[in-house]
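The values are calculated or read from the model by the stated rules, or taken from the named source; none is laboratory data. Predicted model only: the values in this text are computed from it and were never measured. Don't worry about glycine lacking a Cβ; one is built from the backbone with ideal geometry, like all the others, and counts go over all protein chains shown.
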Amino acid sequence: MIIKKTLAGQAFQLLRKQILSGELPSGDELPEKRLAEEYGISRTPIREALRKLAAEGLVTISDAKIAVVASFTEEDGLQHLEIRELLEVYNLEVIPELDDSLMGELDDNLEAQHRAILEDRYDEFIDLDRRFHLLLAAPNPNPKLKDMIKASNTGVNRAFLGLSGRLRMSAMEAYEEHVHLVRFLKVGDRESAKRQMRHHMTQIRQRMKGYYREDR
């Protein structure tokens, strides 16, 4: 049951977590009435939460207002990644210099990533990975661009959450790629940071394809 004040936000986070973890699989219907009863709230915040999930591409809502967990394939993940690379490299080109406060947040995030890997908490690592990339977009003054980066990260994370049981090696590789990226940003080397981001996205693509090949 949801007990906090921001009912729509809480419902959104709970449903998002269930979808990304696979607890609510592709094709599952999400009736407002059932969800409202399950969460102990009215249908209005449920409706708002479903709209936000649809904006992230996690839910589709038909003309008849029926919400369904969106389908997700290997091709979907790779398409999200292609969009993500274009957006995130461009973001590094246009954002202002990162201030000490944001650099501190990135360092804290990297430390938490490393700790999650060492303790085999890969679901947590994936959330931290997403947060890392959203922190890089935080100084961008364009809210629509930030929303697009957020949505593309959600799509890629959805792919990896389904594979989280096999992420031991690739999680450490991703963490090390993040560390190199932050080092370039700290010394103000934007061109090297952009090259590192492209390299990072290429490596993510290879890791994703490898995991899907193992599933065939």
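Every residue, every condition in (1) more than 16 Å from the chain's Cα centre (by Cα); (2) of a type in the set (A, V, I, L, M), yes or no:
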residue	(1), (2)
102	yes, yes
134	no, yes
138	no, yes
142	yes, no
150	no, no
> Looking only at residues in region 1-42 that are assigned to a loop (DSSP other than H, G, I, E, B), within 21 Å of residue 66 (Cβ to Cβ) and of a type in the set (S, T, N, Q), which one is modelled with the lowest pLDDT?
Replying inline: 26
> Of the residues 13, 18, which is under 17 Å from residue 156 (Cα atoms), out of contact with any His (no Cβ under 9 Å at 6 or more places or on another chain) and not assigned by TED's automatic domain parsing to the domain that holds residue 130?
Replying inline: 18
> closer than 28 Å to residue 133 by Cα, touching a Leu at 6+ places or on another chain (Cβ under 7 Å), surrounded by fewer than 18 Cβ atoms within 10 Å (Cβ to Cβ) and in the same structural domain as residue 188 (by TED's automatic domain parsing), is that true of residue 93?
Replying inline: no
>> residue 107 - would you say it is free of Cβ contacts under 8 Å to residues at least 60 places away in the same chain, in the same structural domain as residue 172 (by TED's automatic domain parsing) and not polar (S, T, N, Q)?
In response: no
